[in-house]
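All remarks here apply to the structure that follows.
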Amino acid sequence: MSQEANPFESLQEQIDDAAAYIDVDADVVDRLKHPERVLETNLTIDMDDGTTGRFKAFRSQFNGDRGPYKGGIRYHPGVTRDEVKALSGWMVYKCATVGIPYGGGKGGIVIDPSEYSAGEIERVTRSFAKELRPFVGEDKDIPAPDVNTGQREMNWIKDTYETLENVTEPGVVTGKAIDSGGSEGRVEATGRSTMLAAREVFDYLGKDISDATVAVQGYGNAGWIAANLIDDLGADVVAVSDSSGAIHNADGFDPVAVKDFKRETGSVSGYEGADEEVSNEDLLTMDVDLLVPAALENAIDEALARDVNADVIVEAANGPLTPDADDVLTERDVTVVPDILANAGGVTVSYFEWVQNRQRFYWTEGRVNEELEAIIVDAFDRMTDAYESFDTPNLRTACYVNAIRRVVSAYEDAGNWP
């Protein structure tokens, strides 16, 4: 993994690459490359041992031309200001890619949650919710889960906001538990859109995904669900990894059995159904038909990209390829379905959750999955149309062409005030 690639600079490079294909003024493009505002705060809480703990936290609101800011909150020791800015920018173009009426936001706390008790995590979450209170709301900015956060943290943020504001406003966050106003299908949404993107790109390329071998880097929520749903299409998931290492079986794994083992032991390493344990780099360069990076950004840099042997990459993670890696893979004719389409299921079903919260009327899981599939397939078709009509070098640039055109159109329709 590259330790030097700056994700915010990667985002800006991706925007520049796509803007070259669009008739848009350079000053407007420059506006689209920077966040509108970034909150940086220090959270202080009482620790279990009686000391006071301090945690740095961020929330970036990148662009609100198409609607309220939308984006997750991650808890990770590697969170930085530039990372949060980049992730909030990717959310702008992700929402525009799939045509849902949101801008982009992202938040993060510099913390390793595995080192703290549930009580300490609750206190730091509620402290962050208090700091976010003036900036969030169902018509302002709607947080959601991300790395190391989930329904529990969203429920705490919702409760803190509603208590302080003395309102009932379930739409202030998404990714909540069902009984707290969450949506059916939300937990599976990112993995499901990854599967749909994989299915569509194999069909576009004239390949049969049921014959495919698959490697999945990262076996958290998005990774294991994508693996399971792709396995349901008939493909063989032959390698998976998490932060502890990677495992391989040439005949394929049962994705659910591997997930159950990880839940019991904390890692995929040691799974008895594996033929061998390999390194994360071995997995990323394995000779497979489909590679699904589902961990963190910058997983594949320029040097590693030269050793990639997959024919197709579908990005379940945000920003897993550096721009230099993208260039190498384009030169090598490796087809990459970009993150802003492939993993857009999460924000799409978050949008469905928000709509249901506003209406106080809730959908069945079947309806959620049907609506999600229609949106992802339509976005995929629009991407390939742009790829062919604009003659872009790869699918990522085609995606950004479509997304930037939508954001620019909204900006120009509204005008610049004052």
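Remarks
- Note on the range 145-209: Kirkwood hydrodynamic radius from all Cα pairs is 13.8 Å, rounded to one decimal.
- Count of lysine pairs in the chain with Cα separation under 12 Å (8 or more residues apart, or interchain): 7
- Counted over the range 214-344, the DSSP beta bridges are approximately 35% antiparallel.
- Taking a sphere under 11 Å around the Cβ of Cys95 and counting the other residues whose Cβ falls inside, with K and R at +1 and D and E at -1, yields a net charge of +3.
- Lys/Arg +1, Asp/Glu -1 at C-beta; the chain dipole; positive extreme among Val201, Pro134, Gly150: Pro134
- Peptides 180-187, 57-64 ranked from most to least packed by the mean count of surrounding Cβ atoms within 10 Å: 57-64, 180-187.
- Mean shadow area of the chain, taken as a quarter of the surface of its Cα convex hull (nm²): 20.0
- Each Lys and Arg Cβ is given +1 and each Asp and Glu Cβ -1; about its Cα centre, the chain then shows a dipole of about 1980 debye.
- Here the convex hull built on the C-alpha positions of the range 297-404 has a volume of 112 cubic angstrom per residue.
- For the range 403-410, the Karplus equation 6.51 cos²θ - 1.76 cosθ + 1.60, evaluated at θ = phi - 60°, returns couplings of 5, 5, 4, 5, 5, 4, 4, 5 Hz by residue, with Gly and Pro reported as x.
- Relative to the current alpha-carbon distance between Glu162 and Glu281, full extension at 0.36 nm per residue lengthens the span by 38.3 nm.
- Rounded percent of accessible protein surface that carbon and sulfur make up, the range 14-91, 1.4 Å probe: 42
- Backbone HN-Hα couplings from phi across the range 175-182 [Karplus 6.51/-1.76/1.60, Hz, Gly and Pro as x]: x, 7, 5, 3, 6, 9, x, x
- Inter-site label distance for Asn42 and Ala257 at 7 Å from Cα along Cβ, in nm: 5.2
- Ordering 293-300, 322-329 by mean Cβ neighbour count within 10 Å, with the highest value first, yields 293-300, 322-329.
The values are calculated or read from the model by the stated rules, or taken from the named source; none is laboratory data. A quick note: this is a predicted structure, and the numbers were derived from the prediction, not measured. All Cβ positions, even for glycine, are placed from backbone atoms using ideal geometry, and neighbour counts span all protein chains on display. Surface accessibility is based on the protein's heavy atoms, side chains included, excluding ligands, DNA and RNA. Shrake-Rupley method; radii C 1.70, N 1.55, O 1.52, S 1.80 Å.
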